[in-house]
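The values are calculated or read from the model by the stated rules, or taken from the named source; none is laboratory data. Since the model is a prediction, treat every value here as computed from it, not as a measurement. Cβ sites come from the backbone with ideal geometry, for glycine too, and all protein chains shown count toward neighbours.
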Amino acid sequence: MLTIDLPLIVAQLITFLIGLCLLWLIAYKPLTAMFQARIDKIHGDLKAADDARQDMEAKKKDYDAQMAKLSDQTQELLRQAAREGANMREEIIVTAREQGEALIKRAEDIITQEKAKAIKELRQEVLDISLRVTEKVVGQMADPALQRRMVDKVFVELEAKKQA
């Protein structure tokens, strides 16, 4: 049957308490310290991950802001390039017109000079021909200078009629 042996129970209780104290000193404190260190490391890793996430979000916001700024700058540069291109086109057109007008003016001046030269040469030829004809018809006149003055007078009268 079952008997209760009090000295055995006390001895087992004392042995259990000594074993418990030894276990406490040898295993429990180091395990607790190890678990606490693990908990602290996990908390540190979580805080580092959260800090890294916040840092990444801040950098992403900065990156997005820089990209928006670069986009605005790019658009402004494109608008400025378009304006400069239009201005250059206008300057080129104006320069081309001015050069064209200058060429036309020069050509007109050359034509006017050539016309005046041709008229002068034609007048001289007509004068020479008319002097020869006059000499043939009238015979030799004594004063060719008088003949030239007469022909010049006729030409001046013709020019005056033409302009009137």
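Scanning the range 1-56 for residues that are surrounded by 10 or more Cβ atoms within 10 Å (Cβ to Cβ) and among the β-branched types (Val, Ile, Thr) yields Ile9, Val10, Ile14, Thr15, Ile18, Ile26, Thr32, Ile39, Ile42.
For every residue, the table says whether it meets (1) outside any helix (DSSP H, G or I); (2) touching a strand residue (DSSP E or B) at 6+ places or on another chain (Cβ under 9 Å); (3) among the hydrophobic types (A, V, I, L, M, F, W, C); (4) modelled with pLDDT of 75 or more.
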{"position": "Gln80", "(1), (2), (3), (4)": "no, no, no, yes"}
{"position": "Ile92", "(1), (2), (3), (4)": "no, no, yes, yes"}
{"position": "Ala118", "(1), (2), (3), (4)": "no, no, yes, yes"}
{"position": "Arg123", "(1), (2), (3), (4)": "no, no, no, yes"}
{"position": "Arg132", "(1), (2), (3), (4)": "no, no, no, no"}
{"position": "Lys153", "(1), (2), (3), (4)": "no, no, no, yes"}
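Quick check: is even one residue across the range 117-125 in contact (Cβ under 8 Å) with a residue 24 or more places away in the chain and more than 19 Å from the chain's Cα centre (by Cα)? Spell out how you get there, then give the answer.
Of the residues in the range 117-125, the ones in contact (Cβ under 8 Å) with a residue 24 or more places away in the chain are 123.
Restricting the remaining residues to those that are more than 19 Å from the chain's Cα centre (by Cα) gives 123.
Yes, the range 117-125 contains at least one residue that is in contact (Cβ under 8 Å) with a residue 24 or more places away in the chain and more than 19 Å from the chain's Cα centre (by Cα).
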